[in-house]
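The values are calculated or read from the model by the stated rules, or taken from the named source; none is laboratory data. Source: prediction; values computed, not measured. Backbone-built Cβ (ideal geometry, glycine too); neighbour counts: all protein chains shown.
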Amino acid sequence: MDAHDALGRRTFVAGASAALLGGGAVSGAQAAVVDGPLPDFHPALKDALTFPGAWGRSPIRDHRAWRRAARATVEEHLLVERQDRTPYAPEFTGRSRTRDCTRELVTVSLTRYERVRGALLTPHGRGPFPAVLLLHDHGARFDIGKEKLVRPWYDDTRLASARAWADKYFSGRFVGDELTRRGYVVLCLDALGWGDRGPLAYEQQQALAANFYNLGSSLAGLMAREDQRAAAFLAGLGRVDARRVAAVGFSMGAYRAWQTAALSDHVAAAASVCWMTGLKEMMVPGNNTLRGQSAYFMLHPGLSRHLDIPDVASIAAPSPMLFFDGGRDTLFPAEGVRVAYDKLQAVWRSHHAEERIRMKTWPELGHVFTDQMQDEVFNWLDDVL
């Protein structure tokens, strides 16, 4: 920042402070933008969030009716058209066989705007098979998307990046390959900005989101719609048992997994690792979400005036759901995880379905999806699908 820009910023903040205090220059006025940055009145804004559309707060007492109403509320805030009936028109390329599966690249139309490429793994044997829509993370690394979770057999450069990612977060495993060894069809597609649809630069995210808003749309809404459509495409494959489709993800992929379960009737179960919190507990000084940028992939404007984060996930009740979080995960404060888990448990309990939700904090772990966590998720999937 040059001296002129710095002076301009100081002048703006001082002027805003004076305006809030009732007019002209006031000696000793405090800054109107504080830690985060947050407006200095952010506690009042948080207090005003009562989440009136949540189960238990909403006047709707019938579970099915509440689920329809809550889903409609989320749908309204996606800012992306609800009914996109564009034919998927899948193209299958890059086929190869391994000891465990057949690997293919599949290109599909998830919306009318763009074709999207993904990795599709099919175990050997007679189908139809259970299936997993595998949703990749953010991680501020954009050169790989689907390759974070499925070993790329088609690109040696991406393979090197993917191995480093798997070593950092997944105990050296490729989660998609592990699932296929256990008998699941796996589909993993690139989100906008990653892999074949990137690479996006970290500092471009906020501008990309703003441009979506200026165009009457939403970056987070597009991701939600594409994941909905991906679930429907996967369930419609002849090799897949449409009644046994799960969504699984880590970090941003975990957010996408429970969101897809909430918005899609094609998802029978979801496993979300390291993305669950109460909104108020996340909106605290020092939290990563206050930086903007990456947060825009998970931000539906105005939705928090109606529903908290776990309220949205609760739309999936009473379907089987799993939530894992790391006790040392600095992205999601322990209090936020506890608040969210309490809300989720209350909803499943109200359905008399407490056995269908599993929540666990791993006290010794941070923001990771280790082999031990994976094995528990895989065993859980075997039980619920």
Q | Total residues in segment 140-182, condition more than 22 Å from R225 (Cβ to Cβ) and either not assigned by TED's automatic domain parsing to the domain that holds T260 or not charged (D, E, K, R) (or both) | A | 23
Q. List, please: which pairs have Cβ atoms under 8 Å, are six or more places apart or on different chains, and start with a residue in segment 316-344 that is of a type in the set (V, I, T) and end with one that is part of a strand (DSSP E or B)?
A. V337/D325; V337/T361
Q.
Just to confirm my filter: which helices (runs of 4 or more DSSP H) fall fully inside segment 285-385 and include at least 3 residues that are more than 17 Å from A54 (Cβ to Cβ)?
A. 334-350, 371-384
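Would you call V108 over 16 Å from D177 (Cα atoms), buried (at least 18 other Cβ atoms within 10 Å of the Cβ) and in contact (Cβ under 8 Å) with a residue 40 or more places away in the chain?
Here the answer is yes, as V108 does meet what is asked.
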(Q) Can you pull out every residue in segment 238-253 that is under 16 Å from S319 (Cα atoms) and surrounded by 24 or more Cβ atoms within 10 Å (Cβ to Cβ)? (A) V245, A246, A247, V248
